[in-house]
Amino acid sequence: MDDLPDILPARPLFPAGQKKQLPPEERRIPMKQWGVHFTLTLLGFAVAIAVNRWVKQTANVVIKTYTVAGFPLTFNTLYRLIIGGLLLFYAVSGLFSYSDPERRNKFTSRAPFRLVMGLVLAVWDILGTKLLLLPQPFFPGPAKILEPFLMEANFIWENILYSLRLFAAGFTLGVILGIGTGILIGWFPKVYYWFYPLLKMTGVIPAVAWMPFALTLFPTPFSAAVFLIVICGWFSIASLTAQGIQSTPKALFEVARTLGAKTPYLVFRVAIPQAMPEIFTGIANANGFAFTTLVMAEMMGQPGGLGYYINLSKVWSAYYKVFAAILVMAILFSLIMKIIGLVRARVLRWQKGWVKE
Amino acid sequence: MNKESSASSDGILKIEEVNRTYYDDDGHRVEALQKINLSVRRGEFLSIIGSSGCGKTTLLRLIAGLDQPESGRLTLNGKPITGPDPQRGYVFQQGGLFPWLTVEKNIAAGLKARGVYRQNKDLVAYFIQLVGLQDFAKSYPHQISGGMAQRVAIARALINNPDVLLLDEPMGALDSFTRADLQDKLLELHRENKTTMLLVTHDVDEAIYLSDRIVIMTPRPGRISEILEVNLPHPRHRGGTEFLHLRRRILEKLHLASAMPPPEYTI
Ligand SMILES: Nc1ncnc2c1ncn2[C@@H]1O[C@H](COP(=O)(O)OP(=O)(O)OP(=O)(O)O)[C@@H](O)[C@H]1O
Ligand SMILES: [Mg+2]
């Protein structure tokens, strides 16, 4: 999972027409070392596959065969398919990186990590499934975790969609409200005077604290959960937006006014663009809170969602399903972070050098 | 030449008996400007020179309408100045480009701010060309040099076709080569657009090289001590006898006027 995106991908911006900078000479990876790293990368995954395929299953584990699109599949085969896919992916991207010094550097720097990842999977496989040495049912093997995707893919998918819908509704509303009120607070001193203290006080309260209140106030559990996510986005984004607006250098407003700008231009074309870095910091913060709140809300009384799925599975002691849901969350939330990071890098491409956190 | 024509149409910009006082942190009065009288002719290139703190920026801000005088009158084309207006373009001491806009969009900002961008799109390309930044149209301010940034700031102010262009030490932070380059550019722009230019500078040579008239100011209180005509044909030769003679006169005035050790002047 080494290529899961960081929260905010920090990436140098290269001015148009300027050549990409190569790492300093001494830090570039020579070709021979690349070969070693390439082998290491593939070795880890190969070991994981081999262990799964050839180490004998001594423990008494029922391995059910499912039929997917006409093919018989056990969780072990699915597991090997996925690891095989990873192996293929890295083989191709590794070969692809060979000719480009910068990509080669990037590829090789992560190679030891990938080796260890493969080995850890192999050991986990042996302890968790093959020999059943880990306490069950709390720690299933890595292959077993994939079984829910064979058993009840549709049900998982429904829950993913539920979570996504909840997140999309709550987060978009939170961002819109947050930026909107942030602008008002940042621009009008009166609004700041009356509302900023309120914002500061309520901002420190974890959104889930409003849960009982939300559940009674809102007609459906869905709207109650949306409310909670909106709240946690709102405060963080609003206060940072307000700060960003207020930090606009007076000189920039003066420049704009001598160019003939009136108030709308000053707000929308000077203050807001200038506040964008802060706004995105607010959005990134809010994002983290929103995931927490989302899962909490789902675990405490939603008719669907990944949190709900976890709760349901826990009741049946189906911990491999809990792990499956966690895996989905890891991928899903990382993807969302990645998308926000990309939007941010695009919007803030005017900033000098690196996109700052 | 330029001079005769400008002398006939007297006083596009009039400053009469203007005072501006500030109070510093300890509550002491600072007479930033005292009894300023100045009449700027249409189409002329006027420089204001004086040591630091003599009120040059204050005067320019009053003309721009970014600040109000305590007493006195400022008029442009007979109309009192009450606030900022695109007919009085302002190039700030630090350029003040919008960092989130490309060179091209910075230059277009004035058109957008006035809501006339659609009708005047072609102007943007014209002004980019005029200041010689075709290759940098899509660059962001942090990607261009200080000299380029100042050219962008000048083009951005000029695109509104102002009656007066106010320049607050636009070349203060530049090395001497870039500076000489930009000075010639300014002269060229002045010749082509016939815009009235008001340039604040620390640099005596720059003032003589560019101006039709030079206003010498002295600090504490900020006053105009003398206004000199520069009757030299363009292009001016920085090593010429008349040039050097004028230079010595101005330096003497500046030293005499401020009872302080002579400030440093860049050559
Ligand atoms: N906003 C202000 N508040 C208090 N004092 C001010 C303010 N603006 C200017 N002054 C004072 O007024 C005087 C003139 O300032 P001004 O900025 O006009 O000088 P300047 O001639 O432009 O100097 P420089 O060449 O260093 O830019 C200075 O003594 C300054 O301290
Ligand atoms: Mg100044």
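Here, each number is a calculation from the coordinates, and none is a lab measurement. Computed from a predicted structure; not experimentally measured. With ideal geometry, Cβ positions are generated from the backbone for all residues, glycine too; neighbour counts draw on all protein chains shown.
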Relative packing of B:102-108, A:61-67, which averages over residues the other C-beta atoms within 10 Å, highest first: B:102-108, A:61-67
Estimated distance in nm for a label pair at A:ILE205 and A:ALA46, the labels positioned 7 Å out from Cα along Cα-to-Cβ: 6.0 nm
Förster-model FRET efficiency, 22 Å R0, B:PHE177 and B:GLN93, C-beta, rounded to 0.05: 0.60
Estimated dipole of region A:154-315 in Debye, rounded to 20 [Cβ of Lys and Arg +1, of Asp and Glu -1, Cα centre]: 440 debye
Estimated vicinal HN-Hα couplings, Hz - region A:302-317 in sequence order (Karplus 6.51, -1.76, 1.60; Gly, Pro = x): 10, x, x, x, 5, x, 4, 4, 4, 4, 4, 5, 4, 4, 8, 6
Value of Rg/Rh across chain A [Cα atoms, Kirkwood radius]: 1.05
Cβ charges +1 (Lys, Arg) and -1 (Asp, Glu), total dipole of chain B, debye: 600 debye
In nm, spacing of pseudo-spin labels at A:ILE326 and B:GLU242 (7 Å Cα→C-beta vector): 8.8 nm
Sequence-distant residues sharing a close amide H with A:THR74 (under 5 Å, placed H): A:TYR66
Region A:254-357 - Kirkwood radius from inverse mean 1/r over Cα pairs (Å): 16.8 Å
Sites A:LYS338 and A:VAL315 - FRET efficiency at Förster radius 41 Å, r taken between beta-carbons, to 0.05: 0.80
Per-selection Kirkwood Rh - chain B (Cα, Å, 1 d.p.): 19.1 Å
Whichever lysines have a C-alpha closer than 26 Å to that of A:LYS130, once near sequence neighbours (fewer than 8 apart) are set aside: A:LYS56, A:LYS64, A:LYS144, A:LYS314, A:LYS321
Kirkwood Rh, Cα atoms: Rg over Rh of the protein assembly as shown: 1.14
Residue order, fewest to most beta carbons within 10 Å, for A:THR202, A:THR74: A:THR202, A:THR74
Gain on full stretching of the segment that runs from A:ILE176 to A:PHE213 - 0.36 nm per residue minus C-alpha separation: 11.0 nm
Inter-label distance, nm, simple model (7 Å from Cα along the C-beta direction), A:PHE195/B:SER52: 4.3 nm
Computed E for A:ALA168/A:TYR98 - FRET, C-beta separation, R0 35 angstrom, nearest 0.05: 0.30
Mean shadow area of region B:95-161, taken as a quarter of the surface of its Cα convex hull (nm²): 3.9 nm²
Order of A:MET337, A:MET296 - criterion: other Cβ atoms within 10 Å of each residue's Cβ, fewest first: A:MET296, A:MET337
Intensity falloff of region A:154-315 expressed as log10 I(q)/I(0), Debye formula with alpha-carbon point scatterers, at q = 0.11, 0.16 Å⁻¹: -0.51, -0.86
Inter-chain shielding of B:89-100 (mean C-beta neighbours from other protein chains, 10 Å cut-off): 5
Nearest-20 debye value, region A:25-151 charge dipole, Cβ charges on Lys, Arg, Asp, Glu: 120 debye
Karplus-derived 3J(HN,Hα), 6.51/-1.76/1.60, for each residue of region A:117-128, Hz, glycine and proline x: 4, x, 5, 4, 4, 5, 4, 4, 4, 5, 5, x
Relative exposure of A:ASP100, B:ASP203, judged by other C-beta atoms within 10 Å (fewest first): A:ASP100, B:ASP203
Burial ranking of peptide ranges A:40-50, B:240-250 (average Cβ count within 10 Å, highest at the top): A:40-50, B:240-250
